[in-house]
Amino acid sequence: MPGRSNGWWISPAIPTIANAVLAMLWGFSALGGWGDAAFCGDADEHDPACGADFDIAVRLSAGPACLAVAIALTAWALPSVRRSYDRLDALLTVAAFIWVFAEGVLFIGGLVAKP
């Protein structure tokens, strides 16, 4: 495809979908209660101290999550980036790795908070 320096062509939909799936996973884990339920228990078995500690992990992972959203949206919003497939791929890949980092912060924070 013209515009690709290495001759490979991967649809920009693939890293975009990956970013959307990672964002949904982070959202359900951090804000939807999946992480709290997984590490601190459900309903009657919920440990409030663990929940408070997991909230700290959520707050710590929110910064990278916001950064990943900003990078992905900027990649698609700027015409100069959107028209350069190499730049678009690079930014969407960086955003995906930042999502993985944010998920890692949640997971490690959950392990530390777990009673």
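The values are calculated or read from the model by the stated rules, or taken from the named source; none is laboratory data. What you see is a predicted model, and the numbers here were worked out from it, not measured in a lab. Glycine gets a Cβ as well: all are built from the backbone with ideal geometry, and neighbour counts include every protein chain shown. Heads up: the accessible areas ignore ligands, DNA and RNA and are worked out on the full protein's heavy atoms, side chains in. Shrake-Rupley method; radii C 1.70, N 1.55, O 1.52, S 1.80 Å.
A few comments on the model shown:
- Its DSSP H runs of at least 4 residues, each contributing -39,500 (n - 2.57), put the calculated 222 nm mean residue ellipticity of the chain at -26000 deg cm²/dmol, to the nearest 500.
- For the chain, the percent of C-alpha pairs falling in each 5 Å distance bin, counted from 0 to the bin holding the largest distance, reads 2, 13, 20, 17, 13, 10, 8, 6, 5, 3, 1, 0.
- When a 1.4 Å probe is rolled over the protein heavy atoms, the share of accessible surface on the range 22-79 that falls to carbon and sulfur comes to 70 percent.
- Loop sites in the range 31-115: trypsin sites (Lys or Arg not before Pro), DSSP, at most 15 other Cβ within 10 Å: ARG83
- Residues of the chain: accessible area per residue with a 1.4 Å probe, Å²: 60
- Computed lengthening from ALA37 to CYS66, 0.36 nm per intervening residue step minus Cα-Cα distance: 8.1 nm
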